[in-house]
Amino acid sequence: MIITADLKKDIKKFLAKRIQEGVPLAVTVRTAYALADSEEKELRKAFPELKDARIEEKVDESIIAGFILEEGSTLFDASIKGRLKNIVSALV
Amino acid sequence: MEGLGIDIKLLIAQLVNFALFTFLFARFISKPLMGYIASQKKSEDDKAKLLAELEERDVKMDKQVREVLVKATKKAEEVISAAEGTATKKATSIIDDAQTKAAAILEKQEAQLETERAKLYADLKKHIITTSEALVEASLKDVLKDQQKKEVMQAVLAEVAKSN
């Protein structure tokens, strides 16, 4: 799974900005299966900005694998389905 | 005379008769007859003259007719030649025009064909890609087990963590 540096930078920058604005972060994480506690911890570790954020987990099997992070209307798509859609967009 | 069988009286009477006849003929018949003959001759001469004139006119007319015919033939040939020239030019112009129009139509048709071919190719490509996407998606959903999904999740998180 390749996640571009620009994408990571953008989502982290966005989350950091929200924290600076003093807005309590409430994100939704869509996964293909229910995350284990250890995986949620790893998620918070991967995104330090989510350390104190409220995370709502939603199981969505249509994303196949990986996860989608949503904060309001902002979306960080690290799913297999998203990757597949990117490939299709590039080909079409 | 009598021995010769000639009757003097009768001879005299005949001579008188002849003289009388000659006098009467000269007096009353010869002149009008001669006049009549002269008038007839004049009439004949006039007729001959008229006939000659008519023949002369006929010859002239004939000549004029031939000249007119020659002129008319020449004129007709000129008209035909000019008409042929005009017709040839017109025909060439029509053919050129038709060729130009045909070329334009052909070019338009080829362009349209090319556009339709490109559209068809694009549609086919899109169809193949979307079908492939659906196939890959369905296959992945079938093939990927929970463990493999977890491994993907670990890989993604590791990838994200790299940027920290």
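The values are calculated or read from the model by the stated rules, or taken from the named source; none is laboratory data. Since this is a predicted model, take the numbers as computed values, not measurements. Ideal geometry is used to build each Cβ from the backbone, glycine not excepted, and the neighbour counts take in all protein chains shown. Heavy atoms of the whole protein, side chains included, go into the accessibility calculation; ligands, DNA and RNA do not. Shrake-Rupley method; radii C 1.70, N 1.55, O 1.52, S 1.80 Å.
Return a yes/no flag: does segment A:11-23 have any residue that is buried (at least 19 other Cβ atoms within 10 Å of the Cβ), in contact (Cβ under 8 Å) with a residue 24 or more places away in the chain and closer than 29 Å to B:Ala134 by Cα.
Yes, the conditions are met somewhere in segment A:11-23.
What is the one condition in (1) modelled with pLDDT under 75; (2) open to solvent by less than 20 Å² (accessible area, probe 1.4 Å) that A:Ala5 does not satisfy?
Here A:Ala5 clears every test but (2).
Looking only at segment A:73-92, count every residue that is under 22 Å from A:Gln20 (Cβ atoms) and open to solvent by 70 Å² or more (accessible area, probe 1.4 Å) and tell me the total. Outline the logic, then answer.
Step one: filter segment A:73-92 for residues under 22 Å from A:Gln20 (Cβ atoms), giving A:73-76.
The next check asks that each one be open to solvent by 70 Å² or more (accessible area, probe 1.4 Å); those that pass are A:73, A:75.
Number of matching residues: 2.
Taking B:Gln147 as the residue in question, decide whether it is in a helix (DSSP H, G or I), closer than 30 Å to A:Glu49 by Cβ and open to solvent by 100 Å² or more (accessible area, probe 1.4 Å).
Yes.
Working only within segment A:44-69, note down all residues that are open to solvent by 10 Å² or more (accessible area, probe 1.4 Å) and assigned to a helix (DSSP H, G or I).
Selection gives A:Arg44, A:Lys45, A:Pro48, A:Glu49, A:Glu61, A:Ser62.
All but one of (1) touching a residue at least 12 places away in the same chain (Cβ under 8 Å); (2) more than 12 Å from the chain's Cα centre (by Cα); (3) open to solvent by 70 Å² or more (accessible area, probe 1.4 Å) hold for A:Leu35, so report the exception by its number.
With respect to (1) touching a residue at least 12 places away in the same chain (Cβ under 8 Å); (2) more than 12 Å from the chain's Cα centre (by Cα); (3) open to solvent by 70 Å² or more (accessible area, probe 1.4 Å), A:Leu35 is out only on (3).
Return the pair list, or none, for Cβ contacts closer than 8 Å from residues in segment B:136-164 that are within 7 Å of chain A (Cβ to nearest Cβ) and at negative phi to residues that are surrounded by fewer than 16 Cβ atoms within 10 Å (Cβ to Cβ) and at pLDDT below 90, at least 6 apart or on different chains.
Filtered contacts from segment B:136-164: B:Leu157/A:Lys45; B:Glu159/A:Ile2; B:Ala161/A:Lys45; B:Ser163/A:Ala5; B:Ser163/A:Lys9; B:Asn164/A:Pro48.
Any idea which of A:Thr31, A:Thr74 is of a type in the set (Val, Ile, Thr) and within 17 Å of B:Gln154 (Cβ to Cβ)?
The conditions single out A:Thr31.
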